[in-house]
1. What tally of residues in the stretch 139-175 results from selecting those that are under 9 Å from the mean Cα position of the chain (by Cα), within 14 Å of the ligand (Cβ to nearest atom) and either open to solvent by 10 Å² or more (accessible area, probe 1.4 Å) or not aliphatic (A, V, I, L, M) (or both)?
2. Looking for whichever is more than 23 Å from Gly90 (Cβ to Cβ), out of contact with any helix residue (DSSP H, G or I) (no Cβ under 9 Å at 6 or more places or on another chain) and within 16 Å of the ligand (Cβ to nearest atom) here; the options are Asn245, Asn216, Asn227. Which one fits?
3. Take residues that are open to solvent by less than 20 Å² (accessible area, probe 1.4 Å) and closer than 17 Å to Gly224 by Cα and tell me which of the helices (runs of 4 or more DSSP H) falling wholly in the stretch 24-127 contain 3 or more.
4. Among the listed residues Lys226, Lys214, identify the single one that is open to solvent by 50 Å² or more (accessible area, probe 1.4 Å) and touching a Ser or Thr at 6+ places or on another chain (Cβ under 8 Å).
5. For Pro15, state whether it is more than 14 Å from the ligand (Cβ to nearest atom), open to solvent by 10 Å² or more (accessible area, probe 1.4 Å) and either more than 18 Å from the chain's Cα centre (by Cα) or touching a residue at least 40 places away in the same chain (Cβ under 8 Å) (or both).
6. Of (1) closer than 17 Å to Lys58 by Cα; (2) surrounded by 19 or more Cβ atoms within 10 Å (Cβ to Cβ); (3) away from the ligand (no atom under 14 Å from the Cβ), Pro203 satisfies all except one. Which?
7. Check Ala101 against each of (1) over 20 Å from Asn329 (Cα atoms); (2) touching a Phe, Trp or Tyr at 6+ places or on another chain (Cβ under 7 Å); (3) not acidic (Asp, Glu) and name the one condition it does not meet.
8. Would you say Gly189 is at positive phi and either among the small types (Gly, Ala, Ser) or not in a loop (DSSP other than H, G, I, E, B) (or both)?
Amino acid sequence: MKKVYFTVGPSQIYPTIPKHISNALKEDILSLNHRGQEFKNLYKDTARKLKVLLNIPKDYQILFTSCGLEGMERTIQGVVEKTSFHIISGYFGKAWARYAAELGKNVLSFDLNTDNYNIDKVEIPQKAELICVTQNDTSTGIWIPPIDIEKIKKKYPEKLIAIDVVSSLPHVDINYKYVDITFFSVQKGFGLPAGLGVIILNPKALEKTEQLVKKNISIGSYHGLKNLSEKAKDFQTPETPNVLNIYLLNKVAGDILKTGIDKIRKETDEKSRLIYDFFENHNRYYPVVSSKKLRSPTTIVIYAKEESEKLRKRLADKGYIVGAGYGENKLTQIRIANFPSHNLRDLKKLLKTI
Ligand SMILES: *Cc1c(COP(=O)(O)O)cnc(C)c1O
């Protein structure tokens, strides 16, 4: 039976992945020397495509890591001397704050109240050096509108701001001018196999890293932002990287560019409307996030009474794999991913089955 993975990550692979993997084998990508010119060309071209696709300013750097969580750690280590500030809307935001504490930083946080949401209420103390925002928290399905991230940066222009867009790219349209560090991994919205992360770094964040290094503060070693950035100038990585995944990211970014990112964003919004409308009108299940403004279009969390497991099993029997609720909500909620790899036809069938 053909299965469709509506799980939030890893998820349904992008439809062109089998073709690209087969070409990678033919092109000997799996044996490619990561210090050679061919790899440098691949790095350079992947960075170029990501910048065009996401509208990232020229002077920002694209750095390759191994996963989304690594983005959290590298960011804290790389630009925080003493104090970070975290806007928390779910478990991924909490994890980021916990990692900062484990790295010995002084952690301040603000718990987002979804019933009484107003980003202007977030007050950030003078001593906070970095503002950490989980733009789309996959555990709760809470989405912080990109315009509100801009607002925070405009209110605190001297502070650095870092955003986790692991489960909202390539859909989320960020104005990178207002963001210093962005990170994501590829097994969610890009529909790739897991094992590759990306950090998007601006010159201001790099400057802060340099300051920390000058002060003899540890920013990590081979994957510290300074090493990553220096190698990236020559289109290399410090370690032997996941070349296959960089190749696949290059190809899928190219496919999305060909289809057109605007079209894909529009389709995602349409599918998202369909899902939320369906559950608003369902007699037993409903969207967990009540504020429409804060509902994630890409990772949708639904309250399913105590029927989560039963429902997931019934769907799996028909080939539709949906996620369980996160953590303590495992048995009461389901999570449905709405990524570019999910087509409207499969989605309609999924909803019909529910
Ligand atoms: C999945 C996820 C992560 C972790 O990414 P990994 O690639 O598994 O390390 C971080 N943040 C958010 C919002 C996520 O959804």
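1. Total meeting the criteria: 4.
2. Working: Asn216 fails: within 16 Å of the ligand (Cβ to nearest atom); Asn227 fails: within 16 Å of the ligand (Cβ to nearest atom).
So the residue among Asn245, Asn216, Asn227 that is more than 23 Å from Gly90 (Cβ to Cβ), out of contact with any helix residue (DSSP H, G or I) (no Cβ under 9 Å at 6 or more places or on another chain) and within 16 Å of the ligand (Cβ to nearest atom) is Asn245.
3. Working: elements: 37-54, 68-79, 91-102.
So the answer is 68-79.
4. Numbers: Lys214 fails: touching a Ser or Thr at 6+ places or on another chain (Cβ under 8 Å).
Testing whether each residue is open to solvent by 50 Å² or more (accessible area, probe 1.4 Å) and touching a Ser or Thr at 6+ places or on another chain (Cβ under 8 Å) leaves just Lys226.
5. Details: more than 14 Å from the ligand (Cβ to nearest atom): yes; open to solvent by 10 Å² or more (accessible area, probe 1.4 Å): yes; either more than 18 Å from the chain's Cα centre (by Cα) or touching a residue at least 40 places away in the same chain (Cβ under 8 Å) (or both): yes.
When the stated conditions are applied, Pro15 passes them.
6. Every listed condition holds for Pro203 apart from (2).
7. Among (1) over 20 Å from Asn329 (Cα atoms); (2) touching a Phe, Trp or Tyr at 6+ places or on another chain (Cβ under 7 Å); (3) not acidic (Asp, Glu), Ala101 violates only (2).
8. On the way: at positive phi: no; either among the small types (Gly, Ala, Ser) or not in a loop (DSSP other than H, G, I, E, B) (or both): yes.
Answer is no for this residue.
The values are calculated or read from the model by the stated rules, or taken from the named source; none is laboratory data. No experiment lies behind these values; they were computed from the predicted model shown. Virtual Cβ from ideal backbone geometry, glycine too; neighbours counted across all protein chains shown. All accessible areas refer to the heavy atoms of the entire protein, side chains included, with ligands and DNA or RNA removed. Shrake-Rupley method; radii C 1.70, N 1.55, O 1.52, S 1.80 Å.
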